[in-house]
Amino acid sequence: MTPAGSVATSMRVSVLTGQKALGMEERAVPVPEGDQVLVQVSKVGVCGSDVHYYRDGRIGPFVVDAPLVLGHELSGTIVAVGAGVDASRIGQRVAVEPQKPCRRCSQCKAGRYNLCPFMEFYATPPIDGAFCEYVAIEEDFAHPVPDSISDEAAALLEPLSVGIAAARKGRIVPGSRVLIAGGGPIGVITAQAARAFGAAEIIVSDPVADRRKMAERFGATATVDPTQVDTTDLQVDCFIDACGVPAAIVAGMESVRGAGTVVIVGTGSDTVAMPIPTIMNKELNVTGVFRYTDTWPLGAHLVATGQVELDPLVTGRFGLDDVENALNADLQPGSLKSIVAVR
Ligand SMILES: [Zn+2]
Ligand SMILES: [Zn+2]
């Protein structure tokens, strides 16, 4: 590897050691392999998935059964490169796409590397994440960011990627009418992505007034309180679930026009009773979003051009030795997105 001056050999790592148990450890700094870069981590966003692993020890089929480093939304600076990487990248600010597909299987070859069965994804058991000082990543998954994008916003290109993937899957085009259930970080970011894709109407549904207010500030053209308003009459082109609540998913499906699209993004109940006649009689296209492929360059463009705002979504900042409070910040009213500032 080609280091930039002297790179430390050991680093501080925040490790999930059990359910609701975190500890600091000293570990060796990874050595970048031939096609990898070593990134000195700057900011890491706290994702709902990190919180699920911390509180419940699992998400669907992914179970934490050994110590795990959480965190997969990150930005930083390249400080060393593997033998096969141009040393001119040292010093570059990057946003990390936190996944390593095999690049050889049929899904990878078809361009759907998010569905690669051999995927190694940060902070998904047993692969360690980014609540630490240094990570190694394949060089083409360390995406350069312009100076106009802050380190925090660069980290949040990861959840924006989920929003972009949802907008693509939802076939959002100029003029689309979209209903989004859930005004949390993913709902608000997806609303902004939908706006950038040209949606004419973006209705965000959330029972919490503060979240509706947030959604109205960031992308939503209207908001509804689902405990008060029946959305069935909306008959939107696309419904995106970003909350995982069964009643919201079913109500959202009923709110889609014939031949419209339903995109499941939220994690919540593993099983939901589906309104089969609605799906059949309206020929709904029901799909999910599992992460993303090739979204960082577009995400960086949308932020750099002001079409998507990520900085104002940050409601809490914590140090690397304070990850536990960062993971519990969502219990505070008004909390939207927490950042762990590694440096
Ligand atoms: Zn995430
Ligand atoms: Zn593959």
Taking a ≥ b ≥ c as the square roots of the Cα gyration tensor eigenvalues, with a/c under 1.5 meaning rounded and otherwise prolate when a/b beats b/c, else oblate, which class fits the chain? prolate
Can you give me the C-alpha center-to-center distance between region 309-343 and region 166-187, rounded to a whole angstrom? 25
Can you give the % of DSSP beta bridges in the chain that are antiparallel, to the nearest 5? 60
Per its Cα gyration tensor (rounded if a/c is under 1.5, else prolate when a/b beats b/c, else oblate), region 78-176 is best filed as oblate
Mind checking which of A247, A326, A95 has the largest fluctuation in a GNM of the chain, springs on alpha carbons under 10 Å? A247
Qualifying trypsin sites (Lys or Arg not before Pro) in region 73-130, DSSP loop, other Cβ atoms within 10 Å at most 12: R103, R104
Can you give the net charge of the other residues whose Cβ lies under 11 Å from the Cβ of G34, counting K and R as +1 and D and E as -1? -4
Just to be sure I understand the model, the point goes 7 Å from the Cα along the line to the Cβ. What's the resulting V173 to R217 distance in nm? 3.4
Candidates L313, L160, L234; GNM for the chain (alpha-carbon contacts under 10 Å) flags as most fluctuating L234
Cross-link list K169/K337; K109/K282; K43/K213; K20/K169: which exceed 28 angstrom alpha carbon to alpha carbon? K109/K282; K20/K169
Using the Karplus curve 6.51 cos²θ - 1.76 cosθ + 1.60 with θ = phi - 60°, what ³J(HN,Hα) values do you get for each residue of region 103-115, in whole Hz, with x for Gly and Pro? 6, 10, 7, 5, 5, 4, 5, 7, x, 9, 5, 5, 9
Cβ-Cβ cut-off under 13 Å around G45, Lys and Arg +1, Asp and Glu -1: the net charge is -4
Pairs of Cα atoms under 8 Å, at least six residues apart: use those to get the relative contact order of the chain, whole percent. 17
Value at 222 nm in deg cm²/dmol, rounded to 500, when DSSP H runs of n ≥ 4 in the chain each add -39,500 (n - 2.57): -6500 deg cm²/dmol
Return a whole-number percent for the relative contact order of region 34-136, with Cα pairs under 8 Å and 6 or more residues apart as the contact set. 36
Using unit Cβ charges (K, R positive; D, E negative) and no other charged atoms, how large, in debye to the nearest 20, is the dipole of the chain about its Cα centre? 560
Any chance you could give the angle, 0 to 90 degrees and rounded to 10, that helix 157-169 forms with the longest Cα principal axis of the chain? 40
For region 210-256, what relative contact order do you get, as a whole percent, if you take Cα pairs closer than 8 Å and at least 6 residues apart? 36
What is the spin-label model distance, in nm, from L331 to Q235 if the labels are put 7 Å beyond Cα along the C-beta direction? 4.6
Under Karplus coefficients 6.51, -1.76 and 1.60, residue-wise ³J(HN,Hα) of region 213-226 in Hz, glycine/proline x: 4, 4, 4, 5, 6, 10, x, 6, 8, 7, 10, 9, 8, x
Can you run phi through the Karplus equation (6.51, -1.76, 1.60; θ = phi - 60°) for region 308-320 and list ³J(HN,Hα) in whole Hz, with x for Gly and Pro? 10, 10, 10, 3, x, 7, 6, 10, x, 10, 9, x, 5
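Each value in this text was obtained by applying a stated rule to the coordinates, not by laboratory testing. The shown structure was predicted, so the numbers you read here are calculated from the model rather than taken from an experiment. Please note: Cβ atoms are built from the backbone with ideal geometry, for glycine as well, and neighbour counts cover all protein chains shown.
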